[in-house]
Amino acid sequence: DVKVTQSSRYLVKRTGEKVFLECVQDMDHENMFWYRQDPGLGLRLIYFSYDVKMKEKGDIPEGYSVSREKKERFSLILESASTNQTSMYLCASSPPTGWSDTQYFGPGTRLTVL
Amino acid sequence: AQSVSQHNHHVILSEAASLELGCNYSYGGTVNLFWYVQYPGQHLQLLLKYFSGDPLVKGIKGFEAEFIKSKFSFNLRKPSVQWSDTAEYFCAVNEGRDDKIIFGKGTRLHILP
């Protein structure tokens, strides 16, 4: 059974803190993604990665960075958390286009920045 | 840039009613189309997808969607909804040569028992 796990389900941080969100997949997928999900806005892509050490900006990368040192792990970093980054963060992975485009999602991390 | 529009943000139906959720996309080339569903408290998961072939696609739990290329649409349908269909539904599009998927803003479906 495919599995994407995220390090925390709920996280509370203070403004200005550096925040790390971790995502691990056990399906040997090349592609990994970070989204944020906000009511009425749907899912918005923050960053994605096609391979180890490869990263591409999504639609809303400002205030975020990512790290992919190993194929199974994709980290999202908030360098200096702000209240407008309070949101649900979803990680996903997928094989490369050509034999399956389905994305597999983790359970999400609900981040609150005070 | 590619965009995806879901016409209804919130839909309320009674059990056994028929459902149709609208989805339109902007890209004119080859596309892959998806509907994802998020049940309360659960992961986002794939409901159905279209890559090629028969434009009428059947998914899990009695859902189906029809790809109409001339209308740039991929509407989701179910003939008779159940209370357990209460969830948020997302339409998504992938351009076929790009792994990035663009999601719509979602439709919250609430089924009255």
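The values are calculated or read from the model by the stated rules, or taken from the named source; none is laboratory data. These figures come from a predicted structure and were not determined experimentally. Glycine gets a Cβ as well: all are built from the backbone with ideal geometry, and neighbour counts include every protein chain shown. To get the accessible areas, we keep the full protein, side chains included, count just its heavy atoms, and leave off ligands, DNA and RNA. Shrake-Rupley method; radii C 1.70, N 1.55, O 1.52, S 1.80 Å.
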**OP:** Just need a number here: residues in the range A:38-48 that are surrounded by 21 or more Cβ atoms within 10 Å (Cβ to Cβ) and either more than 8 Å from chain B (Cβ to nearest Cβ) or acidic (Asp, Glu) (or both).
**Re:** 2
Subject >> Leading residue by the ranking (modelled with the lowest pLDDT) among those in the range B:17-31 that are open to solvent by 30 Å² or more (accessible area, probe 1.4 Å) and under 14 Å from B:CYS91 (Cβ atoms) >> reply: B:TYR27
Original post:
Restricting the range A:49-67 to residues that are of a type in the set (D, E, K, R) and within 14 Å of another protein chain (Cβ to nearest Cβ), which is most open to solvent (accessible area, probe 1.4 Å)?
Top reply: A:LYS57
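Go through the range B:1-55 and tell me which strands (runs of 3 or more DSSP E), entirely inside it, have 2 or more residues that are within 11 Å of chain A (Cβ to nearest Cβ), hydrophobic (A, V, I, L, M, F, W, C) and under 24 Å from A:SER94 (Cβ atoms).
B:32-38, B:44-50
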Original post:
When A:ALA81 is evaluated against the numbered criteria (1) open to solvent by 10 Å² or more (accessible area, probe 1.4 Å); (2) more than 14 Å from chain B (Cβ to nearest Cβ), which criterion, by number, is the only one it fails?
Top reply: (1)
Original post:
Which of the residues that make up the range A:84-108 are open to solvent by 20 Å² or more (accessible area, probe 1.4 Å), at the interface with chain B (Cβ under 9 Å from one of its Cβ atoms) and modelled with pLDDT of 90 or more?
Top reply: A:TYR104, A:PRO107
**OP:** Please tell me if B:ARG108 is in a strand (DSSP E or B), open to solvent by 40 Å² or more (accessible area, probe 1.4 Å), of a type in the set (Lys, Arg) and within 11 Å of chain A (Cβ to nearest Cβ).
**Re:** yes
**OP:** List the number of the failed condition for B:TYR89; all other conditions in (1) outside any strand (DSSP E or B); (2) more than 10 Å from chain A (Cβ to nearest Cβ); (3) surrounded by 17 or more Cβ atoms within 10 Å (Cβ to Cβ) hold.
**Re:** (1)
**OP:** Output the residue which, of all residues in the range A:23-80 that are under 21 Å from B:ILE102 (Cβ atoms) and hydroxyl-bearing (Ser, Thr, Tyr), is farthest from the chain's Cα centre (by Cα).
**Re:** A:TYR50
Subject >> Single residue of the range A:12-37 satisfying the filter (touching a Ser or Thr at 6+ places or on another chain (Cβ under 6 Å) and among the aliphatic types (A, V, I, L, M)) that is surrounded by the fewest Cβ atoms within 10 Å (Cβ to Cβ) >> reply: A:VAL12
